[in-house]
Each structure stands twice: as structure tokens, then as C-alpha cells.
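The values are calculated or read from the model by the stated rules, or taken from the named source; none is laboratory data. The shown structure was predicted, so the numbers you read here are calculated from the model rather than taken from an experiment. Cβ placement follows ideal geometry from the backbone for every residue including glycine, while neighbour counts extend to all protein chains displayed.
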Amino acid sequence: MKGIDQRVEAFELQLRKAGLRMTQQRRLILRVLAEADDHPDAKGIFTRAFVHDPTLSLSTVYRTMKLLETQGAIERHAFEDGVSRYEHADQQHHDHLIDVETGQVVEFSSPEIEALQAKIAAELGYEIVRHKLELYGRKTKPARRKPGKKDA
């Protein structure tokens, strides 16, 4: 995974390519997003950034997130709670398990699931171009093993 400064630079480059100028507020939003190790929504990003700049508006955060999404720098997830959550697009492929009681999002990778998906697609005459897997569950007992990625 890229370092925070490298990720901020990559985000800035994406916005500059879109012909946008870099304001201090946009830089702050990019820094907050680059430091996030969870799947924050726009309000969460706003709350984290507002501490550093009380003149920041929520609409500036929404506009910046939309621009980053359009440029392919971030991925937007709309899990069942209806809230758009964001994560860096520079991560390796992974899937999500969402706790229906707490809203916690757990990232995981499974070579077995990937192989099964490819097998099913091939049997149906398809090649997978992209996919998203979201599992929704309730914790029943402590995990037997750590997920392939990190809890977020």
C-alpha cells in the first residue's frame, strides 16, 4: 500500500488532470482520505477535516469525493445502509463483509472464492471483467482466523 504522502500526491495529480486547482481545503480532504484506514462516508471525512479547518463545508467534501470518484482515484461503496462509503482505488482486489449490527466493514481476500467465480463464469461462457462481493452477517463467535485483509 502506498504511503500517505504518495497517496495525497496521487489524489492531487488526479484532480489536476481534471483541470482543477488545488485549494487548501481540497488538500486537507485529500490528506484525511489518504490517512483513513476504514471506509469513511462524506460526513466522517468532513468531521475529521473540520477539526483542522472550521471553515470547511460539507458540500466541499461531497464535491471533492465526486471528483475523485469520477477520476478513478477512489471507489464508492453503497452498502445496504444506504450511505456512500469511500476507499482508495489503489488497493489490491478484496471483498467486504459488513456486520449488520455494528456497520463494521471487514475486508477480506479469498483465492477459493475468486477461483469459484471464474469457474462459474467460464461454465456460463463468460470472462469476469470486474466484480464486487459484499457479504452481510452477524458476529456469532470469535473469528477462527484473521481475515486476509484488515478490519476497517
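Annotations for the structure displayed:
- Selection within the range 15-35 - closer than 15 Å to Glu87 by Cα and out of contact with any Phe, Trp or Tyr (no Cβ under 8 Å at 6 or more places or on another chain): Ile29, Arg31, Val32, Glu35
- Boolean, Phe46 is crowded, with 18+ Cβ neighbours inside 10 Å and closer than 23 Å to Val105 by Cβ: yes
- Single condition Glu87 does not satisfy, out of (1) part of a strand (DSSP E or B); (2) among the charged types (D, E, K, R); (3) farther than 20 Å from Ala42 by Cα: (3)
- Across the range 81-94, a minimum of one residue is classified as modelled with pLDDT under 95, assigned by TED's automatic domain parsing to the domain that holds Leu30, under 28 Å from Val61 (Cα atoms) and more than 13 Å from the chain's Cα centre (by Cα).
- Contacts under 9 angstrom Cβ, first residue in the range 18-30 being in the same structural domain as Thr70 (by TED's automatic domain parsing), partner surrounded by fewer than 13 Cβ atoms within 10 Å (Cβ to Cβ) and of a type in the set (Lys, Arg), 6 or more apart: Met22/Arg16
- Some residue of the range 133-152 being in contact (Cβ under 8 Å) with a residue 60 or more places away in the chain, under 30 Å from Arg16 (Cα atoms) and not assigned by TED's automatic domain parsing to the domain that holds Val32: yes
- Any hit, the range 18-27, residues being surrounded by 17 or more Cβ atoms within 10 Å (Cβ to Cβ) and within 29 Å of Leu133 (Cα to Cα): no
- Residues (among the hydroxyl-bearing types (Ser, Thr, Tyr) and either assigned to a loop (DSSP other than H, G, I, E, B) or surrounded by fewer than 16 Cβ atoms within 10 Å (Cβ to Cβ) (or both)) located in the range 63-82: Thr70
- Looking only at the range 14-55, residues that are among the aliphatic types (A, V, I, L, M), at pLDDT below 85 and part of a helix (DSSP H, G or I) come to 1 in all.
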